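Asker: One structure follows; several queries about it will come next.
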């Protein structure tokens, strides 16, 4: 962790980690991290959530393997301590089949909880992650690896360097592609109108 911390600070990367027990959360304090993360498996670990929320750092909360009642109970702890949070829709399958991604949950979480939302994806490709951004996800979490053929339970659900670069590029394009939602005549259309539209209003 010392090496990770040193490298990230030199590179300007705000790193953070998911603690799975109180001792690990206490250990992470020595690095003065800007964020906390609650793994899906820890969403019902109330003593750990209390410990994390008391730090009042912006926290990313994954919601895999949970129902609304469990999410509600977890969020009550963060609200009690006035700790800011972002909810991440997550399906805890490695890899997650496309038909199980249920990316529409991004909007469901946003509408139900009126808070920032994101997506923690474990799919093989990148399309569900990009779609999540188009639905309002402000945060994308993905596993990364140097080689997807390596041994491990989540290698197949991870992205290699090129895959991550493509994901970042496509997610950044989403906002400009979606546009404002206002009906206007774009500059490109004005040029096309001159040659394509047969009936036009008179300039008089």
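Asker: Against the definition (crowded, with 18+ Cβ neighbours inside 10 Å, part of a loop (DSSP other than H, G, I, E, B) and at pLDDT 95 or above), how does residue 71 come out, yes or no? Before you say what the answer is, go through the steps one by one.
Answerer: Numbers: crowded, with 18+ Cβ neighbours inside 10 Å: yes; part of a loop (DSSP other than H, G, I, E, B): no; at pLDDT 95 or above: yes.
Spelling it out, it is not the case that residue 71 is crowded, with 18+ Cβ neighbours inside 10 Å, part of a loop (DSSP other than H, G, I, E, B) and at pLDDT 95 or above.
Asker: Sticking with this structure for a sec: Restricted to the stretch 128-170, and to residues that are part of a loop (DSSP other than H, G, I, E, B) and under 12 Å from the mean Cα position of the chain (by Cα), which residue is nearest to residue 102 (Cα to Cα)?
Answerer: First, pick out the residues of the stretch 128-170 that are part of a loop (DSSP other than H, G, I, E, B): 135-138, 143, 145-154, 158, 160.
Next, only the ones that are under 12 Å from the mean Cα position of the chain (by Cα) stay: 135-138, 143.
Working: 135: 12, 136: 14, 137: 13, 138: 17, 143: 18 Å.
Of everything passing the filter in the stretch 128-170, 135 is nearest to residue 102 (Cα to Cα).
Asker: Quick check on residue 82: is it part of a loop (DSSP other than H, G, I, E, B), modelled with pLDDT of 95 or more and exposed (fewer than 13 other Cβ atoms within 10 Å of the Cβ)?
Answerer: On the way: part of a loop (DSSP other than H, G, I, E, B): yes; modelled with pLDDT of 95 or more: yes; exposed (fewer than 13 other Cβ atoms within 10 Å of the Cβ): yes.
Yes, satisfied.
Asker: With respect to residue 190, determine if the residue is surrounded by 17 or more Cβ atoms within 10 Å (Cβ to Cβ), part of a helix (DSSP H, G or I) and either free of Cβ contacts under 8 Å to residues at least 60 places away in the same chain or in contact with a helix residue (DSSP H, G or I) (Cβ under 9 Å, 6 or more places away or on another chain) (or both). Don't jump to the end; show me each part of the working.
Answerer: On the way: surrounded by 17 or more Cβ atoms within 10 Å (Cβ to Cβ): no; part of a helix (DSSP H, G or I): yes; either free of Cβ contacts under 8 Å to residues at least 60 places away in the same chain or in contact with a helix residue (DSSP H, G or I) (Cβ under 9 Å, 6 or more places away or on another chain) (or both): yes.
No, not satisfied.
Asker: To continue, here is another question. So which of 41, 34 ends up being part of a helix (DSSP H, G or I), within 18 Å of the chain's Cα centre (by Cα), surrounded by fewer than 20 Cβ atoms within 10 Å (Cβ to Cβ) and in contact (Cβ under 8 Å) with a residue 24 or more places away in the chain?
Answerer: Residue meeting the stated conditions: 41.
The values are calculated or read from the model by the stated rules, or taken from the named source; none is laboratory data. For clarity, every value in this text was computed on a predicted model and none was experimentally measured. Backbone-built Cβ (ideal geometry, glycine too); neighbour counts: all protein chains shown.
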